[in-house]
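A.B. asks: Can you read through this structure? Questions will come right after.
The values are calculated or read from the model by the stated rules, or taken from the named source; none is laboratory data. Everything numeric here is computed off the predicted structure, so don't read it as measured data. Every residue, glycine among them, receives a Cβ derived from its backbone with ideal geometry; neighbour counts consider all protein chains shown. Just so you know, the surface numbers come from the protein's heavy atoms only, side chains and all, with ligands and any DNA or RNA stripped out. Shrake-Rupley method; radii C 1.70, N 1.55, O 1.52, S 1.80 Å.
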Amino acid sequence: MRVALVTESFPPDVNGVAHCALRTAEHLVARGHAPLVIAPTAPARDRAAEADAAAPCPVIRVPSLPLPGYRQVRVALPGRRVAAAIAAHRAQLVHLASPFVIGAHGVAGAARLGLPCVAVYQTDLGGYARAYLGIGETAAWHRLRSLHTAADRTLAPSTASAADLERHGIPRVHLWPRGVDAVRFHPAHRDPALRRELAPGGEVLVGYVGRLAPEKRVELLAGAAELPGVRLVVVGDGPSEANLRSALPSAVFLGRRTGRELARIYASLDVFAHTGPMETFCQTVQEAMASGIPVVAPAAGGPLDLVSPGRTGLLVPPDDPEALRDAVRRLAGTPRLRAAYGLAGREAVAGRSWAAVGDLLISHYEQVLAERLAASAVAA
């Protein structure tokens, strides 16, 4: 199968859309298919060239500009390059990863060529548009509805996001969750030396991993960071870093970490705390669970599917710093509970491999192609 994967983000970007697009391309190649990635130019040309050279398939970069207020995010410029790349690849199907800007070019190109589209909903773009673009959430949903309605099928990562899409009038919504590398993210990577470095007084290590941006609400951890015997560890970068360093003066900021180093940090934590209420899935929660770490997360969006309260972690009301602090305090003070939740979390996600999730995606492709073929036969 020849697939044009049109994505709003791709490595060297570090975010959920980029990571999922890369994993999708890897799996398609591993299963004998022929993907092409079409993505915006990245902010760092040298790192982008390295990432493209290491990619499992060809990558076409489309000119882009940085998003105002968040320069790490790129927005593709209008042009015909996307449609030309789809045609030159002789694609049979177009995969739209979190379509909004470059995804619109993908939709138009697919329509012009008579190709089916599968659109993957991955980001709360209504909330992001409000936070970064200065446009209303209603306007953003109007655009999303137009893009996703034009697709043959929309894939949502969680039951909460699927319900949200259907509430906004988007048809043909199906579930497609995310995989996790349960070999890389594993309790065996716990590092006593790293723990001594981060918690020289034997403190309980509570960690956040993710972008440091307004919508992530990392400042809600201020109360938890001041609990006696607790050391907060923040992993990531983004536009809110300077403000967060002021708001969380006792926290250890490690910057952006990836690969084995990130896996070692996860496994060396005692509690993982996520704060953002706008997660359509929340891959970092799943990575923490694979690492055998109990999770505290908002009772909203993707975490509702991932965290089993009282079994793998604790869910708290969104945007409630006191509830977040109390949940962290409970886990910090109960090592036996942490161990039980961590073990259950690991068991819950151990079978969610990227291979299994990738095969499910291919089955969605095959169903869409079969539906198109059947519709053509009826029309004839």
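A.B. asks: Please calculate how many Å² of accessible area the range 1-107 carries per residue, with a 1.4 Å probe and no DNA, RNA or ligand atoms counted.
C.D. replies: Values: 4420 Å² over 107 residues.
Ligands and nucleic acids excluded, the result is 41 Å² per residue.
A.B. asks: Using the Cα centre of the chain as the reference point, and only Cβ charges (+1 on K/R, -1 on D/E), how large is the resulting charge dipole? Debye, rounded to the nearest 20. Don't skip to the answer; put the middle values down first.
C.D. replies: On the way: 41 positive and 33 negative charges, 120 e Å.
Value, rounded to 20: 580 debye.
A.B. asks: In the range 189-308, how does Rg compare with the Kirkwood Rh, expressed as the Rg/Rh ratio over alpha carbon atoms?
C.D. replies: With Rh from the inverse mean 1/r over Cα pairs, Rg/Rh is 0.93.
A.B. asks: So what's the net charge close to residue 294: Lys and Arg +1, Asp and Glu -1, counting the other residues with Cβ under 15 Å from its Cβ?
C.D. replies: +3
A.B. asks: Ok, one more. Going toward the positive end of the dipole of the range 1-63, with +1 on Lys and Arg Cβ and -1 on Asp and Glu Cβ, which of 62, 15, 1 do you reach last?
C.D. replies: 1
A.B. asks: Right, here's the next one. Just need the Rg to Rh number for the chain, please, alpha carbons only, Kirkwood Rh.
C.D. replies: 0.98
A.B. asks: For the range 243-359, build the charge dipole from Cβ charges (+1 Lys, Arg; -1 Asp, Glu) around the Cα centre, then report which of 343, 355, 324 sits farthest towards its positive end.
C.D. replies: Checked the options; the winner is 343.
A.B. asks: Also, quick follow-up: If I take every Cα pair under 8 Å that is 6 or more residues apart in the range 259-304, average their sequence separation and divide by the length, what percent do I get for the relative contact order?
C.D. replies: 45 percent
A.B. asks: What would the Debye formula give as log10 I(q)/I(0) at q = 0.18 Å⁻¹ for the alpha-carbon point model of the range 303-356, no solvent?
C.D. replies: Listed by q, the Debye log ratios stand at -0.65.
A.B. asks: Could you give the nm distance between label points at residue 145 and residue 2, where each point is 7 Å from its Cα heading toward the beta carbon?
C.D. replies: It works out to 3.6 nm between the two label points.
A.B. asks: Could I ask something else about it? Leaving ligands, DNA and RNA out of it, report the carbon-plus-sulfur percent of the accessible area of the range 293-380 at a 1.4 Å probe.
C.D. replies: Carbon and sulfur together cover 59 percent of it.
A.B. asks: Let me ask you something else. Run the numbers on the range 214-304 and let me know its relative contact order in percent, using alpha-carbon pairs under 8 Å that are six or more apart.
C.D. replies: Values: 117 pairs, mean separation 25.2, N = 91.
Relative CO of the range 214-304 lands at 28 percent.
A.B. asks: A follow-up question, please. Determine the relative contact order of the chain: mean sequence separation of Cα pairs under 8 Å and six or more apart, normalised by residue count, in whole percent.
C.D. replies: Once normalised by length, the contact order is 14 percent.
A.B. asks: Can you compute the equivalent ellipsoid semi-axes for the range 226-376, i.e. the square root of 5 times each eigenvalue of the Cα gyration tensor, sorted largest first and rounded to whole Å? It would help to have the intermediate numbers written out before the result.
C.D. replies: Details: eigenvalues 215, 68, 49 Å².
That gives 33, 18, 16 Å for the three semi-axes.
A.B. asks: Looking only at the chain, where both bridge partners belong to it, what percent of the DSSP beta bridges are antiparallel (to the nearest 5)?
C.D. replies: Just about 10 percent of them are antiparallel.
A.B. asks: Which semi-axis lengths, in whole Å and largest first, follow from the square roots of five times the eigenvalues of the Cα gyration tensor of the range 1-108? Please list the in-between numbers first.
C.D. replies: Numbers: eigenvalues 82, 52, 26 Å².
Calculated on Cα positions only, the semi-axes equal 20, 16, 11 Å.
A.B. asks: Run the dipole for the range 186-322 about the Cα centre, Lys and Arg Cβ at +1, Asp and Glu Cβ at -1, nothing else charged, and hand back the magnitude in debye, nearest 20. Provide the component values of the computation, followed by the final result.
C.D. replies: Numbers: 13 positive and 16 negative charges, 97 e Å.
About 460 debye.
A.B. asks: Do any chymotrypsin sites (Phe, Trp or Tyr not before Pro) in the range 243-332 lie in a DSSP loop with no more than 11 other beta carbon atoms within 10 Å, and if so, which?
C.D. replies: Here no loop site has a sparse enough neighbourhood.
A.B. asks: What is the percent carbon and sulfur in the accessible area of the range 112-241, measuring with a 1.4 Å probe over the protein chains and ignoring ligands? Before the final figure, lay out the partial values.
C.D. replies: Numbers: 2850 of 5280 Å².
Percent of accessible area from carbon and sulfur atoms in the range 112-241: 54.
A.B. asks: Count charges around residue 116 for me, please; just the other residues with Cβ under 15 Å from its Cβ, Lys/Arg as +1, Asp/Glu as -1.
C.D. replies: Every neighbour counted, the sum reads +3.
A.B. asks: Show me, for the range 179-186, the HN-Hα J-couplings you get by feeding each phi into the Karplus relation (A = 6.51, B = -1.76, C = 1.60, θ = phi - 60°), rounded to Hz, glycine and proline as x.
C.D. replies: x, 9, 7, 7, 8, 5, 8, 8
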